[in-house]
1. DSSP loop trypsin sites (Lys or Arg not before Pro) in region 75-178 with at most 13 other Cβ atoms within 10 Å of their Cβ, which ones?
2. Rounded, prolate or oblate: which one fits region 1-104, using the alpha carbon gyration tensor with axes a ≥ b ≥ c (rounded when a/c is under 1.5, else prolate when a/b beats b/c, else oblate)?
3. Computing the accessible area with a 1.4 Å probe over protein heavy atoms, can you report the carbon and sulfur percentage for the chain?
4. With the Cα gyration tensor of the chain giving a ≥ b ≥ c as the square roots of its eigenvalues, does the rule (a/c under 1.5 for rounded; else a/b larger than b/c for prolate; else oblate) give rounded, prolate or oblate?
5. Loop by DSSP (not H, G, I, E, B), at most 12 other beta-carbon atoms within 10 Å: where is the longest site-free stretch of the chain for chymotrypsin sites (Phe, Trp or Tyr not before Pro)?
6. Exactly which GluC sites (Glu not before Pro) in region 108-178 are in a DSSP loop and have at most 15 other Cβ atoms within 10 Å?
7. In debye, nearest 20: dipole of region 1-132 around its Cα centre with unit charges on the Cβ of K, R (+) and D, E (-)?
8. Can you give the % of DSSP beta bridges in the chain that are antiparallel, to the nearest 5?
Amino acid sequence: PRYTYLQQIQNVFLASTDWSFYKAKSVGLIDSNGNIILQFDYSTIESAAPGLLWIHKEKRIGLATTEGKVLLFPQYGKVEPFINGFAKVNNGYWYEYDEDNDSSVVHTITEYSEGKWGLINSEGILILPPIYDSISVLDDDRIKVSKQIGGNHIVTGVANKKGELLIRDINGNYILAS
């Protein structure tokens, strides 16, 4: 096939077969010999971490390898960069509406409906489900999570990198909650 756009991402090339680059289902991956690594089913592809790529389809984001293996099908509205082998994922969604402001010009507005945060590892495995208002990956093999309960009450907790909730024992050491 003939490509209308090529851009190197890590050791592969993002390629498009459509003149309108951001048209849905027009972007895939090829290697330096022109072999298709990832089919042209995506609206865009971007670097996530060494060997990993964010794949975008129908306003959803998933994860693939630079070898073309899809680890996580596009299902999240937002993602954040990998930190210590983990990335935050949000289950909200993008939507559009037209705004005319009583003028002859109509503007299409794109906004995000905020969802809840979860956490995946670099293999695309869900470590924490998207039920938290905030997640912080700490440097000491712990993950801080918080969730609003009821009106304004915020509950904060800690999990390990397997997603298991932790509590402190009588000596102040973290142990499994279950």
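The values are calculated or read from the model by the stated rules, or taken from the named source; none is laboratory data. Bear in mind that the values here come from a model prediction, so they are computed numbers and not experimental data. Quick reminder, even Gly has a Cβ in these numbers, built from the backbone with ideal geometry, and neighbours come from all protein chains shown. The area values use the complete protein model at the heavy-atom level, side chains included, leaving out ligands, DNA and RNA. Shrake-Rupley method; radii C 1.70, N 1.55, O 1.52, S 1.80 Å.
1. Working: sites: LYS78, LYS88, LYS116, ARG142, LYS144, LYS147, LYS161, LYS162, ARG168; in loops: LYS116, LYS161, LYS162.
Here the sparse-neighbourhood loop sites are LYS162.
2. It comes out oblate by the Cα gyration axes.
3. Carbon-and-sulfur percentage of accessible area, whole number: 50.
4. oblate
5. Formally, the longest exposed-site-free interval is 23-178.
6. Details: sites: GLU111, GLU114, GLU123, GLU164; in loops: GLU114, GLU123, GLU164.
Qualifying residues, ordered by number: GLU114, GLU123, GLU164.
7. 520
8. Just about 100 percent of them are antiparallel.
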